[in-house]
1. Between Asp150 and Thr527, 0.36 nm times their residue separation minus their Cα-Cα distance comes to what?
2. If you bin the C-alpha pair distances of the range 295-563 every 10 Å from 0, what whole percents do you get?
3. If the convex hull of the alpha-carbon atoms of the range 238-333 is projected onto planes in all directions, what is the mean projected area in square nanometres?
4. Can you bin the range 71-130 into rounded, prolate or oblate? Criterion: square roots of the alpha carbon gyration tensor eigenvalues sorted a ≥ b ≥ c, rounded for a/c under 1.5, prolate for a/b above b/c, oblate for the rest.
5. Could you list, bin by bin from short to long, the percent of Cα-Cα pairs of the range 326-374 in 5 Å steps?
6. Return the percentage of antiparallel bridges among DSSP beta bridges fully within the range 295-563, rounded to the nearest 5 %.
7. Under the rule a/c < 1.5 gives rounded, and otherwise a/b versus b/c splits prolate from oblate, where does the range 451-575 land using the Cα gyration tensor?
8. May I ask what percent, to the nearest 5, of DSSP beta bridges between residues of the chain are antiparallel?
Amino acid sequence: MSTSSTASSRSARTPLSQFRALLTKRRATPPHPLPDEYARAPRPAENAEPSLVEDESVQHTNTLTPRQLADQYVETLADLNPVVGAALGLRPGDDTMPDFSPAGSHTLADAQRATLAALDAAERADLPPEEERAARLLRERLSAELAIYDAGDTLCRVSNLFSPVQACRSVFLLMPTDTDADWSVIARRLGNVPAAVKSYRVSLDEGIAQGVLAATRQVETIVDQISTWIATDWFQDFVSTGPSSLRSELKAGADATTAAFAELRDYLVNTYTPAAEGTPDAVGQQRYLRSARYWTGSDLDLEATYRYGWQEYHRLRQEMYTVADAIMPGADPQTVMRHLNEYGEAVEGPEQIRIWLQQLMDDAIADLDGTHFDLADPIKRVESMIAPPGSAAAPYYSRPSLDFSRPGRTWLPTLGRERFPVWDLISTWYHEGVPGHHLQLAQWVHVQDRLSRYQVSVGSVSAATEGWALYAERLMDELGYLSDPAHRLGYLDAQMLRAVRVVIDIGMHVGMVIPADSGFHPGETWTPELAREFMSLNLGRDQKFIDSEIVRYLGLPGQAISYKLGERAWLTGREAARAARGADFDLKAWHMAALSMGALGLDDLATELARLP
């Protein structure tokens, strides 16, 4: 297929036999021989069903269960997108990079259609509940991804998070660095980054040709990120700790990657930006609904969701005033949060705050294990990290590999700061670490044999994972861990951030009108400028963070609302289960059962949670 695919070719299907043969050839001829130690790297078991990339008959594939099909798809995806393989720890010796071109996207779409066709034959009325749940997830996820592909949205993947640009750097933070062989793989993968960057440009060129472009606000942000990586010699610094025996290969790879990003930056400035002039920041209702389905696993009523965001905003605003008054009588929340930033408890230095956050997570594990959760030993290992320069402003979490050889990690972007107030970090680290993201995603890895690899990894839905993490913050408040008024104000500020996201994300993209009773520009239509003002008035965050957030919302339509909608589903499911069980309801047992279900979208999450013991 030509790399300049058209809208019609996006929806066309490659014959399944040709698709299998194509991928079989790719898999059979690795670009480099693997070192001996990788011959024992985790791969599918010898007696496991083969992946969709192997030259199997359609009839044989159709005899597989939905969970087996889902696991086959994980293997296929790891072949087509080696960054996924690195993230899951499935391909420790793989030095390849994804094909980000339209041809690469087309091949992935064919794999998704082939999987759905096999799933049609595998589904039947008498499937066990665990198979039915896996089938529903697989169908919903792949259908949501195909809707985005068929609409051409993959031709304008330009944002400050989750774009191919970030993937070409983050993959190296996911790779093992323990041995010379590990570093040899890194050196070769660095050498393959320039081709991946060029394939990304092919997609952007096709987007220009078809009139499918990102807004210049997104382009400017990526240009700034790339400039930071180049100015700080990020790739050269990354390889500087490699073995001296590979120093020349590592330096050559780092230099080639840096040069490729410099060329991409010039292309974005000189070619893409002029073409993108006039592209609106807002994506409109049709694309927003399509994207929101991907992030939430549900078709949303945007009017009702927008109203819910405002309801939460008003509720939280009242709570924040109450807590602020307890800290500084008569002061509003903004005044109190500014005071806490300047005079409240703080930690000096990036390394010191990293250690402080590590201790916070270790203490949470010690306190919660056996009381509110039952934690397996591998889950008790989580690492606090400082995010590399050029990251987005918000803290984040990276999940453990499927064999736990790489632990879960929390990441704090310093944004050049040396002083770190902790009033708003405590609740955030309950969200990112324990009992938030780490507890959920590490538990998934622990129970993967009961589910499928798909359900515990690439099948995850943002609303379910971010919803759990937001629920985890609320749980720690319920358990009394945020009794200090300053810490509780930090929690409420984090909650307010998620409520504001619902309001302005839908508002900006769909053009919602600001309600008459809002107390803020009533009757006006949302713009990025109004969103910036609204966040500044209602959050204890600096302008650098707020600006990064607005760029994020505009570049990832629908992602920002997944937190609050997911939390609502978790709370609804918990209260329904509590009502059904009455005095027999055991919160710890419910938590562990809920965390062992694997991924679910909002179409199913609350209902499944309500059924748990």
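1. Details: separation 377, 0.36 × 377 = 135.72 nm, distance 2.85 nm.
Result for the pair: 132.9 nm of gain on full extension.
2. Per 10 Å bin, starting at 0, the Cα pair percentages come out as 6, 28, 35, 23, 6, 0.
3. On the way: hull surface 55.0 nm².
Projected over every direction and averaged, the Cα hull of the range 238-333 covers 13.8 nm².
4. Numbers: a/c = 4.30, a/b = 1.65, b/c = 2.60.
The shape class here is oblate.
5. Bin by bin from 0 Å, the calculated values are 5, 17, 14, 13, 13, 16, 15, 6, 1.
6. Numbers: 7 of 13 bridges.
Beta bridges within the range 295-563, antiparallel portion: roughly 55 percent.
7. On the way: a/c = 1.94, a/b = 1.31, b/c = 1.48.
Because a/c hits 1.5 or more and a/b fails to exceed b/c, the range 451-575 counts as oblate.
8. Working: 7 of 13 bridges.
Among the beta bridges of the chain, antiparallel pairing accounts for roughly 55 percent.
Read-outs throughout are calculated quantities, based only on the coordinates presented, and are distinct from any laboratory measurement. Source: prediction; values computed, not measured. Using ideal geometry, Cβ is built from the backbone for each residue, glycine included, and neighbour counts are taken over all protein chains shown.
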